[in-house]
Amino acid sequence: MSVITTIEDLRVLAKKRVPRMFYDYADSGSWTESTYRANEADFQKIKLRQRVAVNMENRSTATTMVGQAAKMPVAIAPTGLTGMQHADGEILAARAAEKFGVPFTLSTMSICSIEDIAAHTKAPFWFQLYVMKDRDFIERLIDRAKAANCSALMLTLDLQILGQRHKDLKNGLSAPPKPTLANILNLMTKPRWGLGMLGTRRHGFGNIVGHVKGVDNMGSLSEWTAKQFDPALSWADVEWIKKRWGGKLILKGIMDEVDARLAVASGADALIVSNHGGRQLDGAPSSIEALPSIASAVGTDIEVWMDGGIRSGQDVLKAWALGARGTLIGRAFLYGLGAMGEAGVTKALEIIHKELDLTMAFCGRTRIETVDQGILLPGTFPA
């Protein structure tokens, strides 16, 4: 592919270059995948109002997210197994985000560790935390994030239990891949990926292996993680984590006004309207459909962001117009990473930024802070 102009171009290239089990892990949802598909499709229903004879000079998409400067209202979302899309994937994505000027979030379930990211970047990054039953491990993770100068903690609330993702079960997902005949045959068709993996020592979950009692290899890890996600997670746990962390706190996975008000009451600095990329509750509304009512209810009390379905700068602009003061991209950057490594993540950010900038101008606005529902065609967007 000679000229890459869209996130879809990166997706197609990533599908060619990334082993099937890891591509499917990124590009799938739970059960029927209806919510996964709706996240993207519902953006397309929203229409924009074009304005003319408006001065389009001196445009700016710059903003801040929990006080951190951002070239546009976009951050890299926390995604598990990122280092299996491309060797040292989290390091490469963090570098691309730092150079471009947007925040990067590292997942608890990353391949590269907190310390790896700190050693290879200078800009402060965010760390995403899953609440697990092993509270000692959680405390050590928080301390490691502090030591790495992470500027915010992102607490994911919607993974107390796992939604079933059929493709992962059928593919026998594991990191590193199990040496089954099907996997070996598929890996033989991905030489670029394989050579990259041969050049790195990072093949397991770097934040966990070696940091948990009794977890010294990938075999013991799978047994540990199967028992660790805490179905008893409560707002009391959120309060405990907030006190233990002591810094900026972002709550991810809010889809209901009631939970949004509880998020405000918790003292969090931001919440993310998110259905986990359609990977948890299938049949839930899309994130963009859920956004307006939540933003209307609590937008003056807390920073409201959203993720899910963003594949273009127009999607970012529509989310901002409906009340989001920040967005996160997961699959969009993963496609770039799988396709071209760090350069692919940069390309994904460039594509989104250019389209955001130009679309904003076509809608008669020159600064992102002035964008509101007035740029949207009445009757085409959720209220």
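Here, each number is a calculation from the coordinates, and none is a lab measurement. The structure presented is a predicted model; accordingly, all values stated were derived computationally and were not measured. Glycine gets a Cβ as well: all are built from the backbone with ideal geometry, and neighbour counts include every protein chain shown.
Numbers below:
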{"read-out": "The chain - percent relative contact order, Cα under 8 Å, separation 6 or more", "value": "29"}
{"read-out": "Cα-based helix-to-principal-axis angle, 287-298 vs the chain, degrees rounded to 10", "value": "70"}
{"read-out": "Ranked by how many other beta carbons lie within 10 Å on average, peptides 117-124, 255-262 from highest", "value": "255-262, 117-124"}
{"read-out": "Enclosed volume per residue, in Å³, of the convex hull spanned by Cα atoms of region 31-119", "value": "164"}
{"read-out": "Max mean-square fluctuation residue, GNM over the chain, Cα-Cα springs under 10 Å, options ARG51, ARG331, ARG20", "value": "ARG51"}
{"read-out": "Between 0 and 90°, nearest 10: helix 342-362 axis offset from the chain longest Cα axis", "value": "10"}
{"read-out": "Cα centre as origin, Lys/Arg/Asp/Glu Cβ charges: region 7-375 dipole, Debye", "value": "860"}
{"read-out": "Aspartates and glutamates with Cα under 13 Å of LYS122, excluding same-chain neighbours fewer than 8 positions away", "value": "GLU98"}
{"read-out": "CD proxy at 222 nm, helix term only [per DSSP H run n ≥ 4: -39500 (n - 2.57); per residue of the chain; nearest 500]", "value": "-13000 deg cm²/dmol"}
{"read-out": "Amide H within-cut-off set for MET306, under 5 Å, with H built and near neighbours excluded", "value": "VAL273, GLY326, THR327, LEU328"}
{"read-out": "HN-Hα J in Hz across region 109-126 - Karplus 6.51, -1.76, 1.60, θ = phi - 60°, x for Gly and Pro", "value": "8, 7, 7, 7, 8, 3, 5, 4, 5, 4, 6, 10, 9, 10, 6, x, 10, 9"}
{"read-out": "Region 248-383: Cα Rg divided by the 2.2 N^0.38 Å rule of thumb", "value": "1.07"}
{"read-out": "Residue pairs, from the table LYS99/LYS354; LYS99/LYS146; LYS16/LYS190; LYS133/LYS248, whose Cα atoms sit over 19 Å apart", "value": "LYS99/LYS146; LYS133/LYS248"}
